[in-house]
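Data block below; observations after.
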Amino acid sequence: MATENTEPLFGHNNPMHIQKAVWDGHRSVRFASGEGLATVAYSYKLSHEEMHQAAERIAIIWNLMEGLSTDALRAALAEREPTHG
């Protein structure tokens, strides 16, 4: 039986959002420390070139946003989105 990990991988004083991401040159993105972060390997409708571009973009965007919490990213996106109504 799998148990839920409730402790942050990098520790409370070293949050995930300050970790660097590294593209493997193919379909996966890892933290610089080696732990897996994301993969596009199961994006079957994408061509291989599109998979490579998507994985590289994930790593680039992750690193561009280094230091910003998820809440801060969410707030920044909300400011950019036009309001309808």
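Collect the residues in segment 36-61 that are polar (S, T, N, Q) and either under 17 Å from residue 18 (Cβ atoms) or not in a loop (DSSP other than H, G, I, E, B) (or both), keeping them in residue-number order. The answer is 39, 53. Checked against (1) exposed (fewer than 13 other Cβ atoms within 10 Å of the Cβ); (2) modelled with pLDDT of 95 or more, residue 54 passes all but a single condition, namely (1).
Of the numbered criteria (1) in contact with a Phe, Trp or Tyr (Cβ under 7 Å, 6 or more places away or on another chain); (2) at pLDDT 95 or above, the one residue 37 fails is (2). Entry remark, segment 10-32: residues being more than 14 Å from the chain's Cα centre (by Cα), modelled with pLDDT under 90 and under 17 Å from residue 62 (Cα atoms) number 2 in total. Within segment 3-36, being surrounded by 13 or more Cβ atoms within 10 Å (Cβ to Cβ), of a type outside the set (Gly, Ala, Ser) and closer than 20 Å to residue 72 by Cα holds for 10, 15, 16, 17, 19.
The set of residues in segment 62-85 being of a type outside the set (Phe, Trp, Tyr), in contact with a strand residue (DSSP E or B) (Cβ under 9 Å, 6 or more places away or on another chain) and in a helix (DSSP H, G or I) consists of 63 alone.
The values are calculated or read from the model by the stated rules, or taken from the named source; none is laboratory data. All figures in this text were calculated on a predicted structure; none of them were measured in a lab. Quick reminder, even Gly has a Cβ in these numbers, built from the backbone with ideal geometry, and neighbours come from all protein chains shown.
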